[in-house]
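Since the structure comes first, as structure tokens, the remarks are kept for the end.
The values are calculated or read from the model by the stated rules, or taken from the named source; none is laboratory data. It should be emphasised that the depicted structure is a prediction, and the values quoted were computed from it without experimental measurement. With ideal geometry, Cβ positions are generated from the backbone for all residues, glycine too; neighbour counts draw on all protein chains shown.
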Amino acid sequence: MNELIACLGNDSGKPHVEKLIGSFSWDNIIIIQSEENIVLNAKKGSAVVNIIKADTKKPSEQLTEDLRNELKKLTKSSQTGINFFSGSGKLHMATIAAALKLGLGIRLIVISPEGIKEL
């Protein structure tokens with residue numbers, strides 16, 4: 001599991017996502033942003049960072065389909081870590097639905113004082 005999908009909203013979760021990015025040697029990082037102009041200040045090593053702009057004003061079904069189409073182009077692994085520490089419930093639901101529709105094996109992960117943990 002060297003691929004990360006993380007939701008990022010305009011909330012207090014940004015430092016958590018930055019720490020998560022910098023705490024592991026990811027091969028591929030996909031950030032799903034629900035707000036414009038959020039700048040991440042995280043050390044990402046040699047990982048490719050892809051940003052998906054999610055329009056959370058769209059109906060849930062359309063948002064899910066949009067994310068599925070984008071994730072289909074960007075995911076490189078069948079096993080991926082997903083983090084929902086930041087963002088809205090609507091964004092989280094659409095993200096997990098899109099990942100499952102693509103058949104991705106997902107692991108819910110968080111950063112703790114001991115490092116990355118799978119829930």
Residue by residue through the range 90-119, note down the ones that are in a strand (DSSP E or B) and either touching a strand residue (DSSP E or B) at 6+ places or on another chain (Cβ under 7 Å) or free of Cβ contacts under 8 Å to residues at least 40 places away in the same chain (or both). G105, I106, R107, L108, I109, V110, S112, I116, K117, E118
For the range 1-35, give me each residue that is under 19 Å from T56 (Cβ atoms) and in a strand (DSSP E or B). I5, A6, C7, L8, I30, I31, I32, Q33
Residue in the range 109-117 that is at pLDDT 95 or above, over 13 Å from the mean Cα position of the chain (by Cα) and crowded, with 16+ Cβ neighbours inside 10 Å present: no
Taking the residues in the range 17-50 that are more than 12 Å from the chain's Cα centre (by Cα) and modelled with pLDDT of 80 or more as candidates, determine which candidate is nearest to K73 (Cα to Cα). D27
Residues of the range 64-89 being assigned to a helix (DSSP H, G or I), under 14 Å from the mean Cα position of the chain (by Cα) and not acidic (D, E), which ones? T64, L67, R68, L71, K72, L74, G89
Q62 vs. criteria at pLDDT 90 or above, polar (S, T, N, Q) and surrounded by fewer than 17 Cβ atoms within 10 Å (Cβ to Cβ): yes
